[in-house]
Each structure stands twice: as structure tokens, then as C-alpha cells.
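Just below is one structure, and these are the notes that go with it.
The values are calculated or read from the model by the stated rules, or taken from the named source; none is laboratory data. Just so it is clear, the structure is predicted and the values come from calculations on it, not from any experiment. Because the Cβ atoms are built from the backbone with ideal geometry, glycine has one as well, and the counts that use them run over all protein chains shown.
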């Protein structure tokens, strides 16, 4: 396994998958025969697009003029004084639609158009990927269908309304745990049934090859920007620690990609009830081999998190690889710690985080005493508007 520079981003060191789409032993393409040609077509289309300067130019233009990139870095002076560490936030919450998800959906929507697809199908947990997908579909004139677990439809009703307002169909999934895992199942079934006209706009660094690699490439802009911004801010250096929340792991792999070839400590924070790296074992789910929460009989266990976006029993295969070689660590935090961190960042800095990145803040709060004087960069992957209703019910 090699670490190379990303196309167009010479300062970003990235782990490249092998010819079989694997990061070490993880990844691959475990799909029905009917989907193999679709995955191969997508891989070739992406390789061609990623090597085409005109594609990069169009992608960069839309991300700049529509999504609002580059996102800024905010130094948290108040929280830093309280914790005894220098806290920097990469503000993906300020992107159009309110999260990092817009990077990937713009890229994949442009790719879908390039492939002649007229329709996209997507899964969503917290609704941020669904909203971003519906946004891109409206922008580029594509039909959009979003699958969302019925549990998440209820706790993220604001995002459901936003998706519908943007013109997407939202299908509530009532099978299984009625959360993100089941939404992925139904979205993949839909793709199998309509692959001729439909592109599956998968929302994280998971699934069959080329998705984990392709989605990582679209999100590597986070790490590329952060590395350059930190170089300016820190006088040519880089942070001591780079932290992000991990469900499937797209925001984390995006920011990790900017620092994986440095000596920065990489920390992916999982929910205690969905700690695929911390509690899982290698297994196959949703077309990939990765760490997976499963019982002694190999049955997938249900994940739990206060944040709908992290309610997933697996993790992207590149994260499994980084954990297996000791390059990144994956601690977990409890819902109670997340609730406290959600309030703390709001009250100290006037920034209301989504519950997902509040996991990374929670870990920082808990471990700050072990890192006195360190500089910690946290990827604030989404804003908390979507979670205010849920937190009102909890906090009163």
C-alpha cells in the first residue's frame, strides 16, 4: 500500500487502494453479478473524469461559487483557555446545505451527468446527505429519490421537509432497525432495479469499490485546504492532533487525507453504541469488507447513536486499514458526553454544532488534560440546526 499525492493536490498524501479496490485486506467489491458491470462502468467513468482538467475546473467552480469553498478555520479562543489546548475548527458547517456532504454530491452529480444518467438515488441518516443530494439534483436537473430510515424520518423531520421542498422523493424505510443501515439496503436495491438510468449517489466512504476511494477523493479538498490553512496559521507547521467524528467516515477521511503523511495524531471518534472499529471484527456489509459490529453468528448488530448520521454498524474500509496499521486511532464517546459537548461549544464560542461533530468535541473535552499545550484541529462537519428540535426534547 502506497501513500501518494492526490491529482491536483500535491500537498495531500493519500493512501491508494490496490487494483482490486482494497486498502490492505479491507474494501473490495462484494456485489451481485448484476451490479459488477455498473461498478466497473462507474470506476472507469470516475478515472476518466479525475484525469480530465475540464472536470476539475467545473467541479472547482461549482464548489467555489455555489457551495462556498474554501471553508474557513476558526480558532476557539474561549474553549482553548478552558481546556488548556489550542482548538481550531475546520468549518464545514458553513458550506451550502450546512455540512461537508456538498463536496461529494456535487462531484458525483457532475459525474452522473457526464455518464448520461438522468436520475440519482441516495441514502441518508441525519438527512444532511439527503438534503445535499436533493440540492445537487435541483441544480443539475436530475430526478432524486432518497431512502431514509423511519426512525430518522421522525427525529430529522426538518431535513425531510427540506428534501421535499427541493423536489426529492423521500421514502421512509420500515424494515430492520429503520435507520441508516436499512436505508442503504433499500437504496442499493433500487439501484439494481434501475441501473440503466440511475446513479447511486452513495454518501460516505463505504460500499463496493470504487465508492470508498471516489468519495474520499471528492472530500480530500477538506484536508488539502486545512493543510494549507494550518501552514499559514501555524507558521509552516501542522496541528499536533487532527480529530473528526466517524460513522461511515467521509468527513474524517477527508480531513485525514491532508495529514496522513505527517506525524499528526489522527483521531476518529465513534459513538459508543456504534463503535465498529472499537468493538467490531472484519466482516462484509454493503459490498465491502471492513470492521463491522456483528454477533458470534455473524449477524449484523444494530448500532445506536444520539446522532442519526453515526447510527451505522460498519465503517469505511480505509478507516479499517488506517486502524489496522496503527496510523489512526478510533476511541468512542457516550451520548451523555456528546450532549455536554454540544452545549459547551454553543456557550463558549457561539457555534452550535451538529450532534455528529459534537462527538469529536466530546473526545477533546475528555482528553484535553492529556494534551496540554497541543494544537488540535477538529473537523466541524455540520451545523446543529437540524438537531435543535431533538435537543429541545432532551434538554427541555
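Can you name the residue in the stretch 223-241 that is in contact with a strand residue (DSSP E or B) (Cβ under 6 Å, 6 or more places away or on another chain) and within 23 Å of residue 331 (Cβ to Cβ) and is also surrounded by the most Cβ atoms within 10 Å (Cβ to Cβ) among such residues?
226
Would the stretch 366-382 turn up any residue that is in contact with a helix residue (DSSP H, G or I) (Cβ under 7 Å, 6 or more places away or on another chain), without any contact (Cβ under 8 Å) to a residue 60 or more places away in the chain and assigned to a helix (DSSP H, G or I)?
Just the residues of the stretch 366-382 that are in contact with a helix residue (DSSP H, G or I) (Cβ under 7 Å, 6 or more places away or on another chain), to begin with: 366, 368, 376-382.
If we keep only those that are without any contact (Cβ under 8 Å) to a residue 60 or more places away in the chain too, we end up with 366.
With assigned to a helix (DSSP H, G or I) added as a condition, the list becomes 366.
Within the stretch 366-382, one or more residues are in contact with a helix residue (DSSP H, G or I) (Cβ under 7 Å, 6 or more places away or on another chain), without any contact (Cβ under 8 Å) to a residue 60 or more places away in the chain and assigned to a helix (DSSP H, G or I).
Do we have residue 168 as surrounded by 18 or more Cβ atoms within 10 Å (Cβ to Cβ) and under 19 Å from residue 287 (Cα atoms) here?
No.
Across the stretch 101-118, what is the number of residues that are in a loop (DSSP other than H, G, I, E, B) and either touching a residue at least 40 places away in the same chain (Cβ under 8 Å) or under 18 Å from residue 246 (Cα atoms) (or both)?
3
Residue-wise test of (1) surrounded by 17 or more Cβ atoms within 10 Å (Cβ to Cβ); (2) within 20 Å of residue 100 (Cα to Cα); (3) touching a residue at least 60 places away in the same chain (Cβ under 8 Å); (4) out of contact with any helix residue (DSSP H, G or I) (no Cβ under 9 Å at 6 or more places or on another chain).
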{"site": "32", "(1), (2), (3), (4)": "no, no, yes, no"}
{"site": "35", "(1), (2), (3), (4)": "yes, no, yes, no"}
{"site": "57", "(1), (2), (3), (4)": "no, yes, no, yes"}
{"site": "66", "(1), (2), (3), (4)": "no, yes, yes, no"}
{"site": "75", "(1), (2), (3), (4)": "no, yes, yes, no"}
{"site": "79", "(1), (2), (3), (4)": "yes, no, yes, no"}
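Quick one: residue 165 ticks every box in (1) farther than 19 Å from residue 356 by Cβ; (2) in contact with a helix residue (DSSP H, G or I) (Cβ under 8 Å, 6 or more places away or on another chain) bar one, so which box is it?
Checking residue 165 against (1) farther than 19 Å from residue 356 by Cβ; (2) in contact with a helix residue (DSSP H, G or I) (Cβ under 8 Å, 6 or more places away or on another chain), the one that fails is (2).
Answer yes or no: is there a residue in the stretch 83-100 that is part of a loop (DSSP other than H, G, I, E, B), more than 16 Å from residue 252 (Cα to Cα), within 14 Å of the chain's Cα centre (by Cα) and modelled with pLDDT under 95.
Looking through the stretch 83-100, none of the residues is part of a loop (DSSP other than H, G, I, E, B), more than 16 Å from residue 252 (Cα to Cα), within 14 Å of the chain's Cα centre (by Cα) and modelled with pLDDT under 95.
Mind telling me which of the residues 132, 126 ends up being in contact with a helix residue (DSSP H, G or I) (Cβ under 7 Å, 6 or more places away or on another chain), under 24 Å from residue 254 (Cα atoms) and at pLDDT 95 or above?
Residue meeting the stated conditions: 132.
Can you tell me which residue within the stretch 15-64, out of those that are touching a strand residue (DSSP E or B) at 6+ places or on another chain (Cβ under 6 Å) and not in a strand (DSSP E or B), is nearest to residue 254 (Cα to Cα)?
Only one residue fits best here, namely 16.
Show me the strands (runs of 3 or more DSSP E) entirely contained within the stretch 243-360 in which 2 or more residues are in contact with a helix residue (DSSP H, G or I) (Cβ under 6 Å, 6 or more places away or on another chain) and farther than 17 Å from residue 181 by Cα.
Those strands (runs of 3 or more DSSP E) span 265-271.
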